[in-house]
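Trainee: Starting off with a structure, shown below.
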Amino acid sequence: MLPLHLKPRHITLLLSLERTQHLGRTAEALNMSQPAASKSLSQLEEQIGQILFERTGTGTRPTAIGKLVIAHAHNLAGAADRLAKDLETLQLRHQRVLRLGVLPSASIHITPLLISKLLSAAADLDISVHEGLLHDLLDGLLDRRLDCVIGRTSTRIDSNQVEGHFLYEDPVSIVCGPDNPLARRDRLLPADLAASMWILPIAGSVMRDRMDEMFGRLGLAQPERHIQSNAVLSNIRLINTHPWISALPGVMAEHFQRQGSLHILPLETRTNFGNMQVLVRKEADRAAPVQMVLDTLKAMFHGFPK
């Protein structure tokens, strides 16, 4: 009969055997001798009253009963992980810890100002900032590795688990280096860009999806000559080294243009990279640092609905 629960050492053994399908490699992975691993498995099989793994000359293979017990072990391990994350979250609610995820386009202007205001209000706040792509940041938010994310509107956001608060619209700006011949033009047509070498966002990213929409609206085919990159500083260096063009969120483009690092081309793209928003988990009991972020951003961007 299947026991009501498996001991932690049995769960670890079963999951390792499932991965390695070899008793010796499992013993090595668990820092135990092979006889000890074999004995532990035999004791579990005796307790259940069923053979869980077939032993062969090349390794082990789970039986039908073994697969059921392994599935049970996965459920127990998952429950333990969820409990650990919930306990960590509960502990963090009573600490001054903030783990903030930001898109590169938000790290230029929103993040420095936000951090300055937060520390001005709470000098003991322990802040860590994590920059990345939206899908990675959302995973971190849902896995509770992040407390909030400054990101963009996207269909990838699960509104059942995450709520977003609008900050501002971010139009697409086409940019080049200050010495690019196109920078001396007072007026451009979409066709003027067709022969240029482009730096495009990484395929599958939200920004790339918006760029694809922009090309369609402008009546342009996808550029045949292009590279893909989400490394903003490298892209700026490249458009200053070569007569290439790229696209940046409007706020970021204006920042680097003021520094003399690039030139925004006079072309109406009629496309936004997406509304910028602050994303938080839907929770009845919101941690104090997260509420501080919402209140601070609300003041910075003239208020948004709670």
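The values are calculated or read from the model by the stated rules, or taken from the named source; none is laboratory data. Just so it is clear, the structure is predicted and the values come from calculations on it, not from any experiment. We place every Cβ from the backbone using ideal geometry, glycine too, and count neighbours over all the protein chains shown.
Residue-wise test of (1) under 30 Å from Ile202 (Cα atoms); (2) at pLDDT 85 or above.
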| site | (1), (2) |
| --- | --- |
| Ala29 | no, yes |
| Gln43 | no, yes |
| Arg61 | no, yes |
| Leu87 | no, no |
| Ile127 | yes, yes |
| Gly140 | yes, yes |
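Trainee: Among (1) in contact with a strand residue (DSSP E or B) (Cβ under 7 Å, 6 or more places away or on another chain); (2) not polar (S, T, N, Q); (3) not in a helix (DSSP H, G or I), which single condition is Pro266 missing?
Mentor: Failing condition for Pro266: (1).
Okay, residues lined up against (1) in a strand (DSSP E or B); (2) at pLDDT below 90; (3) not hydroxyl-bearing (Ser, Thr, Tyr):
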position	(1), (2), (3)
Gln95	no, yes, yes
Arg99	yes, no, yes
Ser116	no, no, no
Asp136	no, no, yes
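Trainee: Follow-up question, since we're still on this one. Hey, among the residues in segment 217-244 that are free of Cβ contacts under 8 Å to residues at least 60 places away in the same chain and polar (S, T, N, Q), which one's nearest to Leu193 (Cα to Cα)?
Mentor: Gln222
Trainee: Can you find even one residue in segment 204-225 that is β-branched (Val, Ile, Thr) and at pLDDT 95 or above?
Mentor: No, every residue in segment 204-225 fails to be β-branched (Val, Ile, Thr) and at pLDDT 95 or above.
Trainee: While we're on this one: Filter segment 114-166 down to the residues that are in contact (Cβ under 8 Å) with a residue 24 or more places away in the chain, out of contact with any helix residue (DSSP H, G or I) (no Cβ under 9 Å at 6 or more places or on another chain) and among the polar types (S, T, N, Q), then identify the one that is surrounded by the most Cβ atoms within 10 Å (Cβ to Cβ).
Mentor: Ser128
Trainee: Does segment 203-226 hold any residues that are loosely packed, with under 13 Cβ neighbours inside 10 Å and not in a helix (DSSP H, G or I), and which are they?
Mentor: Within segment 203-226, Ala203, Gly204, Gly219, Ala221, Gln222, Glu224, Arg225 meet the criteria.
Trainee: If you don't mind, another one. Which pairs do you get when a residue that is in contact (Cβ under 8 Å) with a residue 40 or more places away in the chain, found in segment 33-62, comes within reach of a residue that is β-branched (Val, Ile, Thr), reach meaning Cβ atoms under 8 angstrom, with the pair 6+ apart or on two chains?
Mentor: Here the result reads Ile48/Ile65; Ile48/Val69; Pro62/Ile70, each pair linking segment 33-62 to a residue that is β-branched (Val, Ile, Thr).
Trainee: Which ones in segment 186-202 are part of a loop (DSSP other than H, G, I, E, B) and either in the same structural domain as Arg152 (by TED's automatic domain parsing) or aliphatic (A, V, I, L, M) (or both)?
Mentor: Within segment 186-202, Leu188, Leu189, Ala194, Ala195, Met197, Ile202 qualify.
Trainee: Quick check on Glu268: is it acidic (Asp, Glu) and under 19 Å from Leu189 (Cβ atoms)?
Mentor: Against the criterion (acidic (Asp, Glu) and under 19 Å from Leu189 (Cβ atoms)), Glu268 qualifies.
Trainee: Filter segment 245-260 down to the residues that are over 25 Å from Ala194 (Cβ atoms) and of a type outside the set (Lys, Arg) and list them by number.
Mentor: Val251, Glu254, His255, Gln259, Gly260
Trainee: Regarding segment 173-194, can at least one residue be identified that is closer than 26 Å to Ile227 by Cβ and β-branched (Val, Ile, Thr)?
Mentor: Among the residues of segment 173-194, at least one is closer than 26 Å to Ile227 by Cβ and β-branched (Val, Ile, Thr), which makes the answer yes.
Trainee: To continue, here is another question. Mind checking which residues of segment 122-146 are closer than 15 Å to Ala287 by Cβ and either touching a Phe, Trp or Tyr at 6+ places or on another chain (Cβ under 6 Å) or among the hydrophobic types (A, V, I, L, M, F, W, C) (or both)?
Mentor: Selection gives Ala122, Leu125, Ile127, Leu141, Leu146.
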